[in-house]
Structures are given as structure tokens and as C-alpha cells.
1. Would you please state the base-10 log of I(q)/I(0) at q = 0.22, 0.28 1/Å for segment B:103-170, with intensities from the Debye formula using one equal scatterer on every alpha carbon?
2. What number, in percent, do you get for the relative contact order of segment B:198-325 if the mean sequence gap of Cα pairs under 8 Å and at least 6 apart is divided by its residue count?
3. By counting other Cβ atoms within 10 Å of each Cβ, how are B:331, A:335 ranked from fewest to most?
4. Once each part is reduced to its C-alpha centroid, what is the distance from segment B:295-318 to segment A:282-360 in angstrom?
5. log₁₀ I(q)/I(0) of segment B:194-311 at q = 0.10, 0.20 Å⁻¹, via Debye over equal Cα point scatterers, no solvent, to two decimals?
6. Note the angle between two axes, namely the Cα long axis of helix A:167-184 and the longest principal axis of the Cα atoms of chain A, as a number of degrees from 0 to 90, rounded to the nearest 10.
7. What ranking, highest mean first, results for peptides A:72-80, B:10-18 when packing means the other Cβ atoms within 10 Å averaged over each residue?
8. Would you kindly compute the Cα radius of gyration of the protein assembly as shown and its largest Cα-Cα separation (Dmax), both in Å?
């Protein structure tokens, strides 16, 4: 069984501090949904509220249409995977996995059968008798998943569960988590500050900053059509050119920046005179001139060769640093010190209202 | 006299054996890079270290106990007969615990006192654990830092009051016309005063309170290092609060629990003041018997024998308990 999760105007305060501010969203049944944001943005607070360890100061949490107010974490149809996994060190792998069944009074033979089944699912068959300390990091990770799945939750909550693993394993576990989600078919709510994780695994992502949900969309939309300066600067690399809107017409706008007038799409419908930031992704820039208000004269400062591509660091007018990424095919890599004209397709620039940017 | 000399020579013999072994080892397995103890520390400093350690282990720890062991195997003699022909090795003092030498009957008084002391100490230990576990859990896991500091202060400061004063204050509180009885009678809960001292309530209260800290701190230490996520994980998986304690907290804190319980049990069984001042008139604590042999009848030999009987029985019980709960001795002293 699987359930949807609804947050309605959920506000969570700790004293004077507002950790989550009027969050409203609906996570669909069977969806892989991620909350993405820098540490301290309130994403873990939301997760703890859904799991029942926190009650919202205001607002309602509904799971499967049922209001969860007053229902403790041990009574909710959710299971949480902790950041540090929180496996029970004194119990065997099988006892860890079946702990939730044991407290439900399910007899031992049934539990052992279930443990074998789950060990099969997480590709650790026959390892139930081992102690948790005898497992590797990735294996512990999988045991934590099995322990949560054993109680047949309708919603699985994951609090940055991959952050303790090394890079290779982390990438491998992304695929594995996605595969497990497909197999069990329940709703996954995933918390992360790693945009790579969010983009590769999620059906939809909510980008959070300072307790506020900035944007909810699928990964591609978030990347290509960010709707705030924070999202544009937090997800992926972006060149930001602050200025004032000088012209706006059906869907596009031009911004007068410190390096001249530049244009891009205008998703938020800004008007002439509004303070705005024009964002252009490094991979949207290419050498050569283009449309007049999408061309920048620069000087090459340095080139960083990364194998499949190169990062080129440029200096625009009034010393504005600009980053450009070029692939290996079809583009010549400029030399350091060489002057270079770069341009972009105007529909790949995005004009967004001035606002808080993500810290580097 | 010869047996006493022998015992005092024993530590020296042991030291000599170890010394010889180390010399032998350095001969057999010669390591040119190895510097001897005196080469590393210098003659003066090295000598001071050895002197201090030797003083501590020999004069303060080993010899007094060895002397008591030897004494317990000697007959009760007046000072002028010590070292004379009557001063022979004997197990009479230990026998006297079982068979009373006065009437050759089973020594029910002393055996009964030992059993009572053991059972009462075990009860005090359990009572103390029941009081301290929730407190320690609160301090280690749920309380805010400020409240925990206040609580610690409230627990520690009363211990600045000396033991005798504490015992007598409790006595005043629990006496027939003490505060508690007067309150109970005023509230109409009881007509006649309850004999808290006679029915040993005072004894249990006094002993539990006396060793509260000895229980709380090992528990606190053990529970404090438990990752709170473990508790939340159990709760999230559906465990009610008592199961979380049974399955997660107590197994984790087991070494601390064993350490606290061992100390409270040992100290209770060996305590003197609280049982004497707070016990009922018919209550005979085993250490009071030992005390009387030493200071009333000046029978050091029998007192020493009784003290060792108590020690042996206590150690045996503690070891058995550690065995039952599958804890190694090393874990409890961590």
C-alpha cells in the first residue's frame, strides 16, 4: 500500500525562529519526491514533521487523506531512514530488519521468512546472522532500507541517507534506491543538499531556502526554468548579471547590467524598471557573436581542462567574472589572455526578480 | 609469628620473581634499540616513581589486607600470648561463623545476619536502580542542558552533608513523632504512628539515598553516549516507550547498569552508619557484627574472618550476576 502526503500551510517555529514557513504541497502516491536545499533550510524539519517527531506549529499534515495531528511516529504509516542510519549495534542484521515486526508481535518464524525476503531484495542473502559492525558502509545502508521497508510503510522518508558514503558508492546507491522504489512502489520522500542526487532520482523536487519552498517541479524544469534567483543560483552553475529591466515584451525581457544590455526569457513577468538578475548557464555560452543583446566581449583568464569538457574563466567589461563551459567537439579552446567574444541564445537566458542568492 | 613473617615476605618474593623474569627476557631477546627503565627516566626520577608505586601498592593496598588474611587464620589470644606456642594457624575463626563456639549449635544469628544483609543490599540496589534509571535517562537524553545542570547540583550538594548528620536527619523525619508520621496522622491517613524505623523503611531509604550518586553517574554516562537516533528509530518502527527501553536503551547501557549495581550492592553490604542509625532494633547488619568484634571484644582475628566471609560472598554474588547478564568484568569498570 502506498499513500500521498499533503502539507497545508505547515509552519514550524522553534521559539522565535521560523524553521518552515507556510509550506503547502502535495506529494503524489508512489512518487519519488525530494526536498533540496542548503543545510539549515528546514528540509529535515519538514521530514521530522511528516514522520511525527515534530508537530507543526500551524497547519495540517495529511497522509493518505488522514489528518496526522496527535498521531505519534510509532503510529504513522511512515518509516524513516536516518542520516546516520541508526542501526541497532547490539542486534544482528536480521534482528535489525525485523525489529518493527517484533514490536508488532509477529511470530518468529514469520519474521525470519520476512527477513530472508528482504535480504534478498537488498542483495545480502544469507547475511542475517552477521552483526551490523561486520558490514561495509553500503551494506549498512541497504540494511537500513530493509529495516524501514519491513514494516510495510506507505511512505518512506529518507534523511540524507547517502551522505556518509564515498562518491562511487553514493552514485551506485542512487540507482539502487531508484530501483528499490520502482520495485516496492511506495512514496519516497528524500531529503538532500546534493543536487546531483535530487536531479537523478526524483520525479519532482522542492527547492527550499530559509524555511520557504521556492519552487516545486521536476528536475529538468528546475534546471532550465528556475523561478527565483535562489533556485537559479543553487541548482547548477549560473552566471548572474544584476541590473534593471529596460524592456519587456511577451515572455522576454532585456536587463541593463553593468556590462551592457542583455536579454532572456521573463517567466515571472517583470516590468520595465524592476530590479532583476539575468542568469546564463556556463554551458549556454559559446565563442562567437550572436544577437546584439546576447553578446559579451571578454578576455580569457584561465582554462581548466576536465576531460570531457573545459571550464573557461573569462573577464567581461568592468572586470565582471564570467564562466563558460565548452565540450570537446566542435569548439576550439581559447588561450589564456586571448580576447574573446561570447554569446548565447536569448531564450537560454533567464530574467528573474532580484532576490537572495545561494551562498557559494 | 613465622606465618606473619612469611606473608610479609610474599610480596617481596613476587617482586623478585618478576624482576628476574625481566632480566632473563632482556638477556634472551636482546634488542639493541631498547633502553632500560633507568636509562629512559634517569636514576633519580626513576627511583622516585618506583618508590611511590611500591609504597602505594605494598603499604596501602597489599600489606594491610595480607595482614588481615593472616590474622583471620589465627586464634584469639591476649597480647602476651601472641607469638607463643598457642599462636598456631587455624580455621577456627571461620568455623565459628557456622558453629557457635559457645554452645556448639548452628550460629543462626550470624548466618541470618549475613543473609539479611545480602538480601537487603540487593533490595537497596534494585530500589536505587528503579529511582536512578529514569533520572539518568532524563538527564542524558531528554532534559535541556540548563535543567540537567540544576538537577546535578541538587543531587550533588546534599552529599556535602556528612553521613552521620544525614542519617540522623532521616531518623528525625521518620521517627514515630517525626514529620512524616505527624503529617499522615493530621491528614487522617493513619491513626497510630507507623514505625518506619522498626520496620526497616528507614534502613532502605537511608541506604538508597546514601548511594544514589554511585548509581546515577555510571547510568548517566552509559545512557548519554547512546545516539538519540537509535531511540527515534525504534519509536519510528512502532515500538512503545517501554519497548524502546527494554530493547535499545537498557541493552546499550548494560555495562553502566552493572557498574552502578555492583558498586551500590558492595557499598550497601559493607556500610555501617546507615544500618546502625536507621535500622530497626531487631535488625542486625553484618558489618555491625564485624565492628563489634574489632572494637567491643577486641577479637581482631574473628572480625577479620567475618569481614572476609562477607567480601567473598559479595564477590561471588556479583560475579554470578555478571555471568547471568553476560557482562564481562572489564566492561563494568570502563
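1. For the requested q values the scattering log ratios are -1.03, -1.11.
2. 30
3. Going from least to most buried by this count: A:335, B:331.
4. For segment B:295-318 versus segment A:282-360, the Cα centre distance is 89 Å.
5. Results for segment B:194-311 at q = 0.10, 0.20 Å⁻¹ read -0.49, -1.03.
6. 60
7. With the highest mean Cβ count within 10 Å placed first, the list reads A:72-80, B:10-18.
8. Expressed in Å, the Cα Rg and Dmax of the protein assembly as shown come to 38.2, 124.
We did not get these values from a lab; they are worked out from the coordinates using the rules stated. The model shown is predicted, which means the values in this text are computed figures rather than measured ones. No Cβ is skipped: glycine too gets one built from the backbone with ideal geometry, and neighbour counts run over all protein chains shown.
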